[in-house]
Structure formats: structure tokens, C-alpha cells
Amino acid sequence: MAALQGKIENELVLKLHVAPGKLTVQVVRAHNLEAKDDNGFSDPYVTLDFQKKSKKTKVIKKNLNPVWGEQFEFGFALNGSPLLFVKVWDHDVVGSNDFIGEECIDVT
């Protein structure tokens, strides 16, 4: 479980599995995300960056407690960085997406 920086009450639940040459990340859910839209909600999604590869979840509209249940796999080079960068964003149709929080996880 990784807590998002910025607001201690925010919570993002991930499941990680490291096997030889492979990192599996399951983005489970988030709880009590910050509302970034005028309607009192956010349209959150998660980005994962690991060893120069990026993945992202689907956007869940109007939700501060989203459940993604999505799984992603990355190739794992032993001589590469062991850091997984996780960011949560609010998707906006007009303008730039809003940053909600981030965490850096050492998967070793």
C-alpha cells in the first residue's frame, strides 16, 4: 500500500509482484482522493513509470474512491533502476490534467 504525498488522508492500494525479469503491478483502488473539479469530484487515473516504460489506467469519472482492478506488466532489467513512479491525476477534457499525488517505490 502506498500513501500519496501531499495529503495524508489519501490512499492508493497497489499489489506488486517481482519475478526474474518481470514486474507485475496491480492498481487496485484509491480512497478519499482530493476533489479537483468544480462539481466536487475528480476523474482520476493512475500513471506508472518503470525503467523508461509508461502505463496508465482507465479514467474513472466523478469518483473520489475509484476502483480500477487493472494489472500491468513491465520487463525488469536487473541493471536498470528499481524505482516505480506512481502518479494519480484528475483527467480534464479542457485544459491540463490536474495532479493529485505521487509515490516512488523501490521494488527491490
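The values are calculated or read from the model by the stated rules, or taken from the named source; none is laboratory data. All of these numbers come straight from a predicted model, not from anything done at the bench. Glycine gets a Cβ as well: all are built from the backbone with ideal geometry, and neighbour counts include every protein chain shown.
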### Message
Here's a check for you: in region 68-99, which residue that is over 11 Å from residue 45 (Cα atoms), among the hydrophobic types (A, V, I, L, M, F, W, C) and part of a strand (DSSP E or B) is nearest to the chain's Cα centre (by Cα)?
### Response
85
### Query
Under the condition of being of a type in the set (S, T, N, Q) and at pLDDT 95 or above, which residue from region 1-31 is farthest from residue 93 (Cα to Cα)?
24
### Query
Given the conditions (1) of a type outside the set (Ser, Thr, Tyr); (2) at pLDDT below 95; (3) in contact with a Pro (Cβ under 9 Å, 6 or more places away or on another chain); (4) not in a loop (DSSP other than H, G, I, E, B), which single one is not true for residue 102?
(3)
## Note on the structure
Taking region 29-65 and keeping residues of a type outside the set (A, V, I, L, M), in contact with a His (Cβ under 9 Å, 6 or more places away or on another chain) and buried (at least 16 other Cβ atoms within 10 Å of the Cβ) leaves 42, 43, 44, 45
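Check 65, 39 and return the single one that is part of a loop (DSSP other than H, G, I, E, B), touching a Lys or Arg at 6+ places or on another chain (Cβ under 8 Å) and in contact (Cβ under 8 Å) with a residue 24 or more places away in the chain.
On the way: 39 fails: in contact (Cβ under 8 Å) with a residue 24 or more places away in the chain.
Going through 65, 39 in turn, the sole match is 65.
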### Query
Counting just the residues of region 71-99 that are among the aliphatic types (A, V, I, L, M) and either loosely packed, with under 13 Cβ neighbours inside 10 Å or touching a helix residue (DSSP H, G or I) at 6+ places or on another chain (Cβ under 9 Å) (or both), which one comes out modelled with the lowest pLDDT?
78
